[in-house]
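**Q** Below you will find the structure I want to go over with you.
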């Protein structure tokens, strides 16, 4: 397994958001975590990205015990985050945002090639590369956020609600990109509200409700079970 | 109404004098804008540097430029040491303001104990030189100051824009968590920036030693106007700081020429108040 | 009667102390003592007056010298240039700075961004501007003003004694005002502003007015102190008057003493002044100054709240009444014996018509129509960004409406300030609890009862507050600070605060988020109990099982519009609603 999480407990201050969650992501795999608002999805993915520390539980990435790794060293191990709400450096230009993605020496060496790859995926960003990222449309900002993650040459990309606040056509594009990221060799852990899209693109999926995993398996099987409906609709 | 020549000369002297405001404002602007630390002791550090340059020059006859080469790295070290305290005790913006105010008082006292409260003047041959350009006189020392300030401002600007470290600092100022997620070790970079800010105080101090008459209480004379300059030039923008400094210097000088010398302090603060009320998001 | 004796002891000591100090000049001590004690009184008055705004409400001003200086010049100009009797100038010396503060406050307090270090620098800038204006106009003219020709009323046998007496009167009055403010509605409101201004406003504190009052009081006292000080110094110059030392020492004294306490600054001022004076008279003024600086550094690092709170804490620990650490377990809520569901009335309590809200280019609410009946629990749900929290925020007045109307009990509230809405019976909770962190549980709830509910005597308000603390299961934690509560308890404190205002309409924003299952059950029982008391509740919640279980009706928002409304199970099975949540294919 590339990513192995065992019995994670995560929270902010004394507020717990995730209880006893275990999940795996294998190399080259797309794994989706779905669940309604407030289920703890963002908390979970932030802990995998090193932004939050786990209270309890084991987090291993490629055999390395990530609980011993400093937050700013997660990226160096090959983990890159596309955060919820994009969280771009809005005062900096598009290209500067992308360059921040290859801040670490290993990725920096491949800067030119990585930039070409990102501009190849998102040609519009090449035209806008001198503009402050804050001036872009929502969809374009999401492209920058994804591009920034790819610049780090990651082995796993963590997507947090990539479809949030985007127009339906743009949402389709985003999920195409996610598939493409995997085809280029990185594993993907995707956290999404949009159930059908998330299950459609995934190899395997987990259903998170109230900080706990209530179901897991192949997307087709999950759709047949009542868990999703109960979690989202309460009936 | 004063003559055009007089006004022109006032403008030139003002811009050149504003160079010092800009130079002093740069270090403050960097630490406030990128680290959210307001460093009142910046002025005291500049004067400490000035006194050391004065001492080395008058007692040991060391050329001010050689003194600067020693003083500036020393100030860098002091800046990082100061940052250790901020870091260790997780001092916030207001806390840093009060704490560095205390540092300033302590430094002022230390200066006064060693050099006394008497006015000190470092007499050098540079002070009297000036270039004549048409009807105007341009003092060489102030011109040098402005050139150095401009080089530093542009250098810092390029450093912040073009290097990875500079970009990382700007990114961390916007969103430290996400910057860390991409490998930026903000804590380490903050030490570097604090050191650089203090080193700029050392550069400013060298020129203060050459241009101004030194007295411990003078530490406070620049405080108000330089803070106005920092805000007008926008936080974290070294070129903005220098241009704002020159703008304020020129306006003060013109106000002196047209109104009366005593009105000049109002200029910078009126500009500041107008800007803050007009656009509270200016910072 | 040992108890009353010990209670009256401080009062007795205060009276004796005031008497002794008041009559001290009669003893004809050497002028040295008079002037030393005058300086102590002077700094006590100045630092205490500064605390009224900056300590209590947390608006840190570096511009105290401006008000103090204007007072000094008001007295000097009137008495020295126009021959107005000295004592008559003092009210004017207080009035002009107070008006100036009202003027500045009227502009600055409207801008949310101008808090913290920006307010500090802006007030500092004001000082420089005023100083320059005085210097360059006939008020001073650059030459300074001599007070030597002004007759000093012979209150005491010696001139220094008379100045001492004036300083003493001001000092005692300032402390009395500070005490009075700290123990009044005004003070309670200011403390709440210090901790969280937005929440204070939502709980019914008229924040803008209170800040102006505090600013005017603070500046007015500083002006009066300046008036007396003009006589003490005898010769005024602009550079000596508008000196940075004034704001900085005032800040220092208050911070060291404890700027949230009405007598903290006095202790800091007495300590620092004595220290400085001791060094000055020993010929080591400089060392004294450096020591003061060092003390401030140490104080910021190790005693950030000041000496008074630290001592209070030690005393409390010494007496053994220190707050116990928060219990980990869940205190179960007693099941209520009242009927679980009360009949929903026909009367419309909340009427929303065409409510819209824009943020720049984002249309968060695009015309919502909604009626909530008296006694009803309405669940408000919808996907992320559908406008649920925005709707709560416009109803409670945190954001002004862009269009449409909102009426509670027939009264339009769409454009009324938040504190007025709170007084008209709307209370809310926050998803992430926002208690006033420096106030105890009881103080938090008391504030809400004081400002939100109808006017009642203090004892009744206290009883009310205690009732709701017990109701939410927080009994025994009345004197605990919010930091000593766990999340579940802080959420219940939010509820207690909202209930203490006796609201007609209760808005709950994600009460259940972040709670574990046992706590969730507990919270659901509590919400039921609240409803049984007769409140009308609108709640936003993501935990759908709970929503379906609790609500009489569910309103589904989508893209800023009301998408569906009706009985819980029907609405959540509606194909349209299912497709919003899970996509069209799933609904089919």
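The values are calculated or read from the model by the stated rules, or taken from the named source; none is laboratory data. None of the values given here were measured: they were computed from a predicted structure. Note that we place each Cβ from the backbone using ideal geometry, even for glycine, and neighbour counts take in every protein chain shown.
**Q** Quick one: would you say residue B:76 is under 22 Å from the mean Cα position of the chain (by Cα), in a helix (DSSP H, G or I), within 12 Å of another protein chain (Cβ to nearest Cβ) and within 30 Å of residue C:116 (Cα to Cα)? It would help to see each step written out before you state the result.
**A** Working: under 22 Å from the mean Cα position of the chain (by Cα): yes; in a helix (DSSP H, G or I): yes; within 12 Å of another protein chain (Cβ to nearest Cβ): no; within 30 Å of residue C:116 (Cα to Cα): yes.
The answer is no for residue B:76.
**Q** On to the next question. Among residues belonging to segment C:454-472 that are surrounded by fewer than 21 Cβ atoms within 10 Å (Cβ to Cβ) and in a loop (DSSP other than H, G, I, E, B), point out the one that is modelled with the highest pLDDT.
**A** C:457
**Q** Also: What residue, among those in segment B:269-283 that are more than 8 Å from every other protein chain (Cβ to nearest Cβ) and touching a helix residue (DSSP H, G or I) at 6+ places or on another chain (Cβ under 7 Å), is modelled with the lowest pLDDT?
**A** First, the residues of segment B:269-283 that are more than 8 Å from every other protein chain (Cβ to nearest Cβ): B:271, B:274-275, B:278-279, B:282.
Retained after the next criterion (residues that are touching a helix residue (DSSP H, G or I) at 6+ places or on another chain (Cβ under 7 Å)): B:271, B:275, B:282.
Details: B:271: 82, B:275: 81, B:282: 74.
Checking each candidate, the answer is B:282.
**Q** In this structure, does residue C:269 turn out to be under 19 Å from residue B:102 (Cα atoms) and either within 11 Å of chain B (Cβ to nearest Cβ) or surrounded by fewer than 18 Cβ atoms within 10 Å (Cβ to Cβ) (or both)? Please lay out each step first, then the result.
**A** Numbers: under 19 Å from residue B:102 (Cα atoms): yes; either within 11 Å of chain B (Cβ to nearest Cβ) or surrounded by fewer than 18 Cβ atoms within 10 Å (Cβ to Cβ) (or both): no.
No; evaluated as a whole, the condition is false for this residue.
**Q** Considering only residues that are within 14 Å of residue C:43 (Cβ to Cβ) and more than 12 Å from chain B (Cβ to nearest Cβ), which ones fall in segment C:234-249?
**A** We begin by selecting, within segment C:234-249, every residue within 14 Å of residue C:43 (Cβ to Cβ); these are C:243, C:245-249.
Within segment C:234-249, C:246 is the sole residue that qualifies.
**Q** Sticking with this one: In segment B:247-259, is there at least one residue being farther than 30 Å from residue A:98 by Cβ and within 14 Å of the chain's Cα centre (by Cα)?
**A** Among the residues of segment B:247-259, at least one is farther than 30 Å from residue A:98 by Cβ and within 14 Å of the chain's Cα centre (by Cα), which makes the answer yes.
**Q** Considering only segment C:46-83, state which residues are over 31 Å from the mean Cα position of the chain (by Cα) and on the phi < 0 side of the Ramachandran plot.
**A** Those that are over 31 Å from the mean Cα position of the chain (by Cα) and on the phi < 0 side of the Ramachandran plot: C:73, C:74, C:75, C:76, C:77, C:78, C:79, C:80, C:81, C:82.
**Q** Within segment A:83-97, can you find the residues that are buried (at least 24 other Cβ atoms within 10 Å of the Cβ) and more than 10 Å from chain B (Cβ to nearest Cβ)?
**A** The one that is buried (at least 24 other Cβ atoms within 10 Å of the Cβ) and more than 10 Å from chain B (Cβ to nearest Cβ): A:94.
**Q** Still on this structure: Go through (1) touching a residue at least 60 places away in the same chain (Cβ under 8 Å); (2) in contact with a helix residue (DSSP H, G or I) (Cβ under 6 Å, 6 or more places away or on another chain); (3) within 17 Å of residue B:274 (Cα to Cα) for residue B:232 and report which single condition fails.
**A** Every listed condition holds for residue B:232 apart from (1).
**Q** Additional query: Of A:195, A:170, which residue is crowded, with 23+ Cβ neighbours inside 10 Å and in contact with a helix residue (DSSP H, G or I) (Cβ under 9 Å, 6 or more places away or on another chain)?
**A** A:195 is the lone residue from the list that is crowded, with 23+ Cβ neighbours inside 10 Å and in contact with a helix residue (DSSP H, G or I) (Cβ under 9 Å, 6 or more places away or on another chain).
**Q** Let me ask something else. Of the residues in segment A:48-69, how many are more than 8 Å from chain B (Cβ to nearest Cβ), touching a helix residue (DSSP H, G or I) at 6+ places or on another chain (Cβ under 9 Å) and either in contact (Cβ under 8 Å) with a residue 40 or more places away in the chain or not in a strand (DSSP E or B) (or both)? Step through it out loud before you land on a result.
**A** As a first pass, look at segment A:48-69 and keep what is more than 8 Å from chain B (Cβ to nearest Cβ): A:48, A:52-69.
If we keep only those that are touching a helix residue (DSSP H, G or I) at 6+ places or on another chain (Cβ under 9 Å) too, we end up with A:48, A:52-54, A:57-62, A:64, A:66, A:69.
From the residues that got through so far, the ones that are either in contact (Cβ under 8 Å) with a residue 40 or more places away in the chain or not in a strand (DSSP E or B) (or both) too are A:48, A:52-54, A:57-62, A:66, A:69.
Number of matching residues: 12.
**Q** Which one of these is surrounded by fewer than 23 Cβ atoms within 10 Å (Cβ to Cβ) and within 16 Å of residue A:80 (Cα to Cα): A:137, A:106? It would help to see each step written out before you state the result.
**A** Values: A:137 fails: within 16 Å of residue A:80 (Cα to Cα).
Being surrounded by fewer than 23 Cβ atoms within 10 Å (Cβ to Cβ) and within 16 Å of residue A:80 (Cα to Cα) holds for just one of A:137, A:106, which is A:106.
**Q** When the residues of segment C:479-494 are filtered to those that are in contact (Cβ under 8 Å) with a residue 60 or more places away in the chain and within 18 Å of residue A:38 (Cβ to Cβ), which remaining residue is farthest from the other protein chains (Cβ to nearest Cβ)? Steps first, please.
**A** Step one: of segment C:479-494, the residues in contact (Cβ under 8 Å) with a residue 60 or more places away in the chain are C:479-481, C:484-486, C:488-489, C:491, C:493-494.
Cutting the leftovers down to within 18 Å of residue A:38 (Cβ to Cβ) gives us C:488, C:491, C:494.
Details: C:488: 9, C:491: 9, C:494: 13 Å.
Here the answer is C:494.
**Q** Check whether at least one residue in segment B:112-124 is assigned to a helix (DSSP H, G or I) and within 21 Å of the chain's Cα centre (by Cα), and report yes or no. Before you say what the answer is, go through the steps one by one.
**A** Residues of segment B:112-124 that are assigned to a helix (DSSP H, G or I), as a first pass: B:112-115.
If we keep only those that are within 21 Å of the chain's Cα centre (by Cα) as well, we get none.
There is no residue in segment B:112-124 that is assigned to a helix (DSSP H, G or I) and within 21 Å of the chain's Cα centre (by Cα).
**Q** Go through segment C:473-483 and count every residue that is over 24 Å from residue C:205 (Cα atoms) and surrounded by fewer than 17 Cβ atoms within 10 Å (Cβ to Cβ).
**A** 2
**Q** Can residue C:135 be described as in a loop (DSSP other than H, G, I, E, B), in contact with a helix residue (DSSP H, G or I) (Cβ under 6 Å, 6 or more places away or on another chain), within 13 Å of chain B (Cβ to nearest Cβ) and at negative phi?
**A** Values: in a loop (DSSP other than H, G, I, E, B): no; in contact with a helix residue (DSSP H, G or I) (Cβ under 6 Å, 6 or more places away or on another chain): yes; within 13 Å of chain B (Cβ to nearest Cβ): yes; at negative phi: yes.
No.
**Q** If you take the residues in segment B:212-233 that are over 17 Å from residue B:264 (Cβ atoms) and over 14 Å from the mean Cα position of the chain (by Cα), which one is surrounded by the most Cβ atoms within 10 Å (Cβ to Cβ)?
**A** Among residues in segment B:212-233 that are over 17 Å from residue B:264 (Cβ atoms) and over 14 Å from the mean Cα position of the chain (by Cα), the one surrounded by the most Cβ atoms within 10 Å (Cβ to Cβ) is B:216.
**Q** Determine, yes or no, whether residue B:50 is touching a strand residue (DSSP E or B) at 6+ places or on another chain (Cβ under 8 Å) and either surrounded by fewer than 22 Cβ atoms within 10 Å (Cβ to Cβ) or in contact (Cβ under 8 Å) with a residue 40 or more places away in the chain (or both). Outline the logic, then answer.
**A** Numbers: touching a strand residue (DSSP E or B) at 6+ places or on another chain (Cβ under 8 Å): yes; either surrounded by fewer than 22 Cβ atoms within 10 Å (Cβ to Cβ) or in contact (Cβ under 8 Å) with a residue 40 or more places away in the chain (or both): yes.
Considered against the rule, which asks whether it is touching a strand residue (DSSP E or B) at 6+ places or on another chain (Cβ under 8 Å) and either surrounded by fewer than 22 Cβ atoms within 10 Å (Cβ to Cβ) or in contact (Cβ under 8 Å) with a residue 40 or more places away in the chain (or both), residue B:50 comes out as yes.
**Q** Of all the residues that make up segment A:142-193, how many are within 12 Å of another protein chain (Cβ to nearest Cβ), in a loop (DSSP other than H, G, I, E, B) and either under 14 Å from the mean Cα position of the chain (by Cα) or at positive phi (or both)?
**A** Counting residues in segment A:142-193 that are within 12 Å of another protein chain (Cβ to nearest Cβ), in a loop (DSSP other than H, G, I, E, B) and either under 14 Å from the mean Cα position of the chain (by Cα) or at positive phi (or both) gives 8.
Here is a yes/no grid of residues against (1) surrounded by 16 or more Cβ atoms within 10 Å (Cβ to Cβ); (2) within 14 Å of chain C (Cβ to nearest Cβ); (3) out of contact with any strand residue (DSSP E or B) (no Cβ under 7 Å at 6 or more places or on another chain); (4) assigned to a helix (DSSP H, G or I):
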site	(1), (2), (3), (4)
B:102	yes, yes, yes, yes
B:110	yes, yes, yes, yes
B:127	no, no, yes, yes
B:146	yes, no, yes, yes
B:150	yes, no, yes, yes
B:154	no, no, yes, yes
B:166	yes, no, yes, yes
B:203	yes, no, yes, yes
B:208	yes, no, yes, yes
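**Q** Looking only at segment A:209-221, count how many residues are touching a residue at least 60 places away in the same chain (Cβ under 8 Å) and either part of a helix (DSSP H, G or I) or within 12 Å of chain C (Cβ to nearest Cβ) (or both). Reasoning before the result, please.
**A** Applying the first criterion (touching a residue at least 60 places away in the same chain (Cβ under 8 Å)) to segment A:209-221 yields A:209-213, A:216, A:219.
Now restrict to residues that are either part of a helix (DSSP H, G or I) or within 12 Å of chain C (Cβ to nearest Cβ) (or both): A:209-212, A:219.
Within segment A:209-221, residues that are touching a residue at least 60 places away in the same chain (Cβ under 8 Å) and either part of a helix (DSSP H, G or I) or within 12 Å of chain C (Cβ to nearest Cβ) (or both) number 5.
**Q** Can I ask one more? Restricting the search to segment C:375-397, which residues are at pLDDT 90 or above and in a loop (DSSP other than H, G, I, E, B)?
**A** Result: C:376, C:396, C:397.
**Q** Further question on the same structure: Would you check which residues across segment A:194-208 are at the interface with chain C (Cβ under 9 Å from one of its Cβ atoms), assigned to a helix (DSSP H, G or I) and either within 20 Å of residue A:81 (Cα to Cα) or in contact with a strand residue (DSSP E or B) (Cβ under 6 Å, 6 or more places away or on another chain) (or both) and list them?
**A** Hits for segment A:194-208 are A:195, A:197.
**Q** For segment C:305-318, check the following and say yes or no: at least one residue is within 10 Å of chain B (Cβ to nearest Cβ), surrounded by fewer than 18 Cβ atoms within 10 Å (Cβ to Cβ), modelled with pLDDT under 90 and in a helix (DSSP H, G or I). Break it down into steps so the answer makes sense when it comes.
**A** Just the residues of segment C:305-318 that are within 10 Å of chain B (Cβ to nearest Cβ), to begin with: none.
No: segment C:305-318 contains no residue that is within 10 Å of chain B (Cβ to nearest Cβ), surrounded by fewer than 18 Cβ atoms within 10 Å (Cβ to Cβ), modelled with pLDDT under 90 and in a helix (DSSP H, G or I).
**Q** Mind listing whichever residues of segment C:138-165 are part of a loop (DSSP other than H, G, I, E, B) and within 30 Å of residue B:273 (Cα to Cα)? Don't jump to the end; show me each part of the working.
**A** If we filter segment C:138-165 for residues that are part of a loop (DSSP other than H, G, I, E, B), which is where we start, we get C:138-144, C:147-158.
C:138, C:139, C:140, C:141, C:142, C:143, C:144 - these are the residues of segment C:138-165 that are part of a loop (DSSP other than H, G, I, E, B) and within 30 Å of residue B:273 (Cα to Cα).
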